[in-house]
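So the structure is just underneath, and the comments pick up after that.
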Number of protein chains: 2
Amino acid sequence: MSYVTHLQCVECGARYSEKDDVMLCPACVSRGKAGILDIHYDYTAISRVISRDSLAKDTRRGIWRYMPFLPVDPDAGATHLRVGDTPMYESTSLARAIGLETVYVKDDGLNPTGSLKDRASAVAVSKALERGASMIACASTGNAASSLAGNAASVGLGTCIFVPERAPQGKVAQLLIYGATVVVVEGSYKDAFDLSSQAIEKWGWYNRNAAINPYLVEGKKTVSFEIAEALNWEVPDWVVVAVGDGCTLAGVWKGFKDLKAAGLTKGLPKVAGVQAQGCAPIAEAFRQGVFEIKPWREDTLADSIAVGVPRNPRKALMSLYESGGTVATVSDEEILLAMRLIGQTTGIFAEPAASASVAGLSKLVSEGVIGPGERVVAILTGNGLKDIKNGIRAASEPIRVKPDLWELEEVLREKGFDFEGA
Amino acid sequence: MSYVTHLQCVECGARYSEKDDVMLCPACVSRGKAGILDIHYDYTAISRVISRDSLAKDTRRGIWRYMPFLPVDPDAGATHLRVGDTPMYESTSLARAIGLETVYVKDDGLNPTGSLKDRASAVAVSKALERGASMIACASTGNAASSLAGNAASVGLGTCIFVPERAPQGKVAQLLIYGATVVVVEGSYKDAFDLSSQAIEKWGWYNRNAAINPYLVEGKKTVSFEIAEALNWEVPDWVVVAVGDGCTLAGVWKGFKDLKAAGLTKGLPKVAGVQAQGCAPIAEAFRQGVFEIKPWREDTLADSIAVGVPRNPRKALMSLYESGGTVATVSDEEILLAMRLIGQTTGIFAEPAASASVAGLSKLVSEGVIGPGERVVAILTGNGLKDIKNGIRAASEPIRVKPDLWELEEVLREKGFDFEGA
């Protein structure tokens, strides 16, 4: 059994039961609205089966240790890959570089397929298994797709994945290795999304599109559970994360709200979203204090957050408004700079979208929005190995020499290399 | 304090103390021999401080939970990244595909920088810290280098890394992001190795070359500790791993011998090494039952095991001889096939060298060397995202369509796609 009580439309407030088997609010959809649903739980019941103590004794790894908080029937089978359980580090040198006393980075690039999206996909695949589906589909700029393909492969489910043509080749290769059927759609992310929706409806596949499927935010919220547990249930002052579709930000916020509702934590953090300057529809809406989104061009190298028409702006914006949070926008140059900074100070190679969080954090600190004494967690949502092209752009040039010590010495001296060490 | 008693030359048997501060046996080196040293411990003392029970209660993650087995002074500072603690999965579908009843895959591509080499580098960086070094250097085809750069960055140590020109661009970018000084040597791995040795000697840097530094095998052996612990201290019948320089295979074997010596396990597995057909010097020596290595060309796409002049053949060969193990050789085509097979059955994207283990395992099963009822662990030593070029070679082509459902249906039908799912 799960502890879900009902699904509720974030727009009109209509309630549905799990048995209604809806993914969006039919009433709102028929009026041309999004009709995004939110999952509600019986937190009193949850607090009877899970506590700080029970978790401290629970040796299971990964997201399923938080099962009572998840909309999954444990008997119907959880996925096999170890999703979540990613390391979080305090980095004094990163903190110093950006003007903070305490900063933690959560390396979600160490999920099985290399991104935070594994958390959502694990839940999606489990829901598909629960429903007896044999094919599951989504549109994605990359990470949602590879996480779906990997998690589905591990339990023998078929996947059909729609990607826009700008998706990096490496991410596409990863999908194909997992045995997914990959459809490269000649067009934007929106074109890929729309085609996936049509195919899903026509052939009755299980839908893993994050903005449609309300269960996915539930997977993503586990990152907050891990952050809180790692900090001994003291919530940080701020959690910073890059924003594309808006679902990850919404998941982060939902996680902290759930913990508080079940009595595992006392306070709530503020959440800060970070968007690329070249594609910042959610930042724009936030600054105007509205829920309406204007479509943007997708003009940033951070492909995982290049979403011109976000599918879940409402939940993301509600998270920002409710938490008293904010949004920063950062340039591609600042993102590449942050990639190097993260690598050099923490030993983590984060992809551009992931690095945007630190770029935005740095900006918010320098603007005084985040104070130097506040405790901050930056979530690094994807592995830098996923986007080598931009890794190479961010990196400096290596030194090239013949196998000759004298040539090496000369070249190093020219570069001002410190032979005694860093 | 560490539990190291002495270092012993694997060739002449000469003993050295940790205070002698030698990395190779000076006597053998002066005679033109390799002089590889092996680290010995006081296993009786170790068994008094670490046991199955103490480990079951130890909530620390990663390799430092096995500290008494490691040549590191815990007070001198262990590295920060969470190295090790990688997931191991049983895969029934992979087992079925290769004709086994029970196979486990250990996904060491989920180490912080994406490969098993992190285990060795974490120990190297800790030793460098212990010695007060401020610069650490190595030559590497890639994974050793990135693991060194990442682990050193996390503690603020400088790194100078020598790579041969064929090193994939992505691996080089990763080094640069970590802030390493990268020297691309126009020549082979041997050229890079020789130049690094000259530079290390000239400028007194700490040496992380795996075949020179005897402490690195000690880091690698932690993979065996994790395998044994995950299997409730029942050692598997076989452990299969790809072989380049020979140090990883030697580490795997050392790990199981250490556990037995300290009374944590009863038996020992056989170890099987896998080399590429285009670069199989250790396989050739093993088949002839000798320790002498003939140099090979480096003709395989699996760059992490393309080592024509392995620097540590003796420890690897001793592992094979002592354990009653074997070596398989596999073609590049078989490696690419194994990449797809691993991805489709387990949801893990493994790099070519890592996939070679499963290619070799499959061959050993079909040849009857490994019986269908034997319990096997295949170690996947590196993340497929590290070598996208070969990921793309291994993968099939995606489908390309305009954003049009009818075109999609037509193309899928042409491909014989099953609309009902896998």
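Points to keep in mind about this one:
- Candidate set from the stretch B:310-346 (those that are of a type in the set (Val, Ile, Thr) and within 14 Å of chain A (Cβ to nearest Cβ)); member that is surrounded by the fewest Cβ atoms within 10 Å (Cβ to Cβ): B:345
- Cβ pairs under 6 Å, 6+ apart, first in the stretch A:213-226 and in contact (Cβ under 8 Å) with a residue 60 or more places away in the chain, second charged (D, E, K, R): A:215/A:127; A:217/A:254; A:219/A:119; A:220/A:119; A:221/A:254; A:222/A:119
- Test: residue in the stretch A:383-406 that is more than 18 Å from residue B:159 (Cβ to Cβ), more than 8 Å from chain B (Cβ to nearest Cβ) and hydrophobic (A, V, I, L, M, F, W, C): yes
- The listed residues are B:358, B:365, and the only one of them that is in contact (Cβ under 8 Å) with a residue 60 or more places away in the chain and either surrounded by 24 or more Cβ atoms within 10 Å (Cβ to Cβ) or in a loop (DSSP other than H, G, I, E, B) (or both) turns out to be B:358.
- Screening the candidates A:368, A:325, A:360, A:382 for the property of being at positive phi and at pLDDT 95 or above yields one hit, A:368.
- Matching residues in the stretch A:139-160 - criterion: being of a type in the set (A, V, I, L, M, F, W, C), within 17 Å of residue A:207 (Cβ to Cβ) and in a helix (DSSP H, G or I): A:144, A:145, A:148, A:149, A:152
- Checked against (1) over 21 Å from residue A:387 (Cβ atoms); (2) within 18 Å of the chain's Cα centre (by Cα); (3) at pLDDT 95 or above; (4) not basic (Lys, Arg), residue A:212 meets all criteria but (3).
- Residue B:122 meets each of the listed conditions (1) out of contact with any strand residue (DSSP E or B) (no Cβ under 7 Å at 6 or more places or on another chain); (2) of a type in the set (A, V, I, L, M); (3) assigned to a helix (DSSP H, G or I); (4) more than 12 Å from chain A (Cβ to nearest Cβ) apart from (4).
- Qualifying residue in the stretch A:57-64 (condition: in contact with a Leu (Cβ under 6 Å, 6 or more places away or on another chain) and either at the interface with chain B (Cβ under 8 Å from one of its Cβ atoms) or over 20 Å from residue A:109 (Cβ atoms) (or both)): no
- Any hit, the stretch A:340-347, residues being touching a residue at least 24 places away in the same chain (Cβ under 8 Å), part of a helix (DSSP H, G or I), within 26 Å of residue A:211 (Cα to Cα) and not hydrophobic (A, V, I, L, M, F, W, C): no
- Taking the criterion of being farther than 13 Å from residue B:384 by Cβ and in contact with a Leu (Cβ under 7 Å, 6 or more places away or on another chain), the residues of the stretch A:169-198 that qualify are A:182, A:183, A:185, A:195, A:198.
- Taking the stretch B:126-167 as the range and being facing another protein chain (nearest Cβ under 10 Å), more than 21 Å from residue A:401 (Cβ to Cβ) and in contact (Cβ under 8 Å) with a residue 12 or more places away in the chain as the test, the residues that pass are B:128, B:133, B:134, B:147, B:150, B:151, B:152, B:153, B:154, B:155, B:157.
- Tabulated pairs, the stretch B:10-23, first under 18 Å from residue B:247 (Cα atoms), second among the aliphatic types (A, V, I, L, M), C-beta under 6 angstrom, 6+ apart or interchain: B:10/B:36; B:23/B:212
- Total residues in the stretch A:168-227, condition more than 14 Å from every other protein chain (Cβ to nearest Cβ), assigned to a helix (DSSP H, G or I) and aliphatic (A, V, I, L, M): 4
- Matching residues, the stretch B:5-62, being among the small types (Gly, Ala, Ser), more than 24 Å from the chain's Cα centre (by Cα), surrounded by 14 or more Cβ atoms within 10 Å (Cβ to Cβ) and part of a loop (DSSP other than H, G, I, E, B): B:14, B:51
The values are calculated or read from the model by the stated rules, or taken from the named source; none is laboratory data. Because the structure is a prediction, the values reported are computed rather than measured. No Cβ is skipped: glycine too gets one built from the backbone with ideal geometry, and neighbour counts run over all protein chains shown.
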